[in-house]
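J.: Please see the structure below; I have some questions.
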Amino acid sequence: MSHKILVLPGDGIGPEIVAEAVKLLEALRRSGELAVEIEHADIGGAGLDAAGSPLPEATLALARDADAIVFGAVGGPKWDSVERALRPEQGLLNLRAALGVFANLRPAIAYPQLAQASTLKPEVVSGLDIMIVRELTGGIYFGEPRGVRRLDDGQRQGFNTLVYSESEIERICRVAFELARKRASRVCSVDKSNVLEVSQLWREVAGRIGADYPDVALSHLYVDNASMQLVRDPRQFDVMVTSNMFGDILSDLAAMLTGSIGMLPSASMDAGGKGLYEPVHGSAPDIAGQNVANPLATILSVAMMLRYTLASPELAERVQAAVASVLEQGLRTRDIASSGTRLVGTREMGEAVLAAL
Ligand code: NAD
């Protein structure tokens, strides 16, 4: 069966980094190891320029039809003054919502070759391999009512609502437990159940789902303690599962343990395994078009796609091994360069990974 893959390069460095990732997919297709049909479409500022919308109808239709989407990044100074609903970033938010991708997977892996890129001591981060599972379509970012209202005394008051239903908690916890089974079999559920009723329900439901996975060790942490532990001894964690806002914050923290934003992939998945795969970083307009952006986060996002949507874990391993091998050879883009390594551009890095594959 052939998988449909939609490629959305977007803006800024998006087209440059996505091109390198697509080269790998094309190579696997040509060698007969991967059955895929690849289409391209516009999103973000590119969508706005081409079709008057950051998420053109035609792009959304292709996205709905695809099994997986490889996304670059959107946004840039060219569109900074357009109205909010037409901003490039809105295209991505609308796409995530339209596809119902509720599970955001953000791995933080410290490559031994890049251990000195972290601001933490190498002995604290070396060998780190954490998977943060963040609920992406619920919680306080979407809860109603929300707004800014005028109080009787004349001052304004801002308010948001933190809500989670049992089914929302259940499905994100199941994603975490299933992932843990394929890793080190540990899940840490992060909440604030000492203060919030929503978190009390979260903890109860996580425990109930955990009972279905007796082979996976479940622990619970309050979010304040979890953030301390992530910095103190991050290697204690395997899979962490948490709500939208806590996950937003903790995943950025965990990401920075590894040192470089140019190395961090992500996946956002729906209940059926369909996924939106994208680097964690943005469109980096400051370096766009200069052949200096690091394509590895996008290439590693493609590895996640091979593993989670295309059910080809052995190809995913090979792509990850190819990335490790170019790092071992000493090749570095500017963002991860250090003394004694060889500085390469976006294309050279992509070609080196392809050669190693
Ligand atoms: P950014 O992630 O684009 O850049 C932050 C810094 O990291 C910059 O110095 C940039 O040069 C560097 N950087 C990022 N990716 C890199 C890579 N692959 N290789 C080397 N260096 C890299 O964040 P920003 O500057 O805050 O935002 C720029 C634009 O991107 C804005 O319009 C913002 O809204 C948008 N943005 C988009 C997404 C997305 O599409 N998912 C995410 C974040 C920001």
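J.: If you place +1 on the Cβ of every Lys and Arg, -1 on the Cβ of every Asp and Glu, and leave all else neutral, what size is the dipole of the chain about its Cα centre, to the nearest 20 Debye?
T.: Details: 34 positive and 44 negative charges, 87 e Å.
Rounded to the nearest 20 debye, it is 420 debye.
J.: What order, most packed first, do the peptides 224-231, 269-276 have when packing is the mean number of other Cβ atoms within 10 Å of each residue?
T.: Numbers: 224-231: 16.2, 269-276: 18.1.
Packing proxy ranking, top to bottom: 269-276, 224-231.
J.: While we're looking at this one, here's another question. Just the Cα atoms of the chain: what Rg and Dmax do they give in Å?
T.: Every Cα atom of the chain included, Rg and Dmax give 20.5, 71 Å.
J.: If I model the stretch 103-263 as equal point scatterers sitting on the Cα atoms and use the Debye formula, what is log10 I(q)/I(0) at q = 0.08, 0.11, 0.17, 0.19 Å⁻¹?
T.: The calculated log intensity ratios at q = 0.08, 0.11, 0.17, 0.19 Å⁻¹ are -0.26, -0.47, -0.96, -1.13.
J.: Provide 33, 144, 278 in ascending order of the number of other Cβ atoms located within 10 Å of each residue's Cβ, fewest first.
T.: 144, 33, 278
J.: Rank these for me by crowding, 243, 283, going from fewest to most other beta carbons within 10 Å. Could you put the intermediate results ahead of the total?
T.: Details: 243 28, 283 24.
Least to most surrounded, the residues fall as 283, 243.
J.: Provide the gained length on full extension for the span residue 159 to residue 211, in nm with one decimal, where the gain is 0.36 nm per separating residue minus the Cα-Cα distance.
T.: Numbers: separation 52, 0.36 × 52 = 18.72 nm, distance 3.60 nm.
Contour length minus the Cα-Cα distance gives 15.1 nm.
J.: Which order do 242, 341, 309, 119 fall in if you start with the one that has the fewest other Cβ atoms within 10 Å? Walk me through the intermediate numbers first.
T.: Numbers: 242 29, 341 15, 309 22, 119 9.
The fewest-first ordering by Cβ neighbours comes to 119, 341, 309, 242.
J.: Rounded to the nearest 5, what is the percent of antiparallel bridges among the DSSP beta bridges in the chain? Don't skip to the end; give the middle numbers.
T.: Working: 19 of 48 bridges.
DSSP beta bridges in the chain are roughly 40 percent antiparallel.
J.: Here is a further query. Show me, for the stretch 10-27, the HN-Hα J-couplings you get by feeding each phi into the Karplus relation (A = 6.51, B = -1.76, C = 1.60, θ = phi - 60°), rounded to Hz, glycine and proline as x.
T.: So the J values, rounded to whole Hz, are x, 10, x, 6, x, x, 5, 6, 5, 4, 5, 5, 5, 4, 5, 5, 4, 5.
J.: Taking a cut-off of 21 Å, what percent of all Cα-Cα pairs in the stretch 235-357 are separated by more than that?
T.: Details: 3330 of 7503 pairs.
So the portion of pairs separated by more than 21 Å is 44 percent.
J.: A further question on this structure: For the stretch 194-202, what does the Karplus curve 6.51 cos²θ - 1.76 cosθ + 1.60, with θ = phi - 60°, yield as ³J(HN,Hα) per residue in whole Hz, taken in order and with x for Gly and Pro?
T.: 6, 10, 10, 4, 4, 6, 5, 5, 4
Throughout, read-outs are computed from the coordinates displayed, never taken from laboratory work. This structure is a prediction, so every number in the text was calculated from the model and none was measured. Quick reminder, even Gly has a Cβ in these numbers, built from the backbone with ideal geometry, and neighbours come from all protein chains shown.
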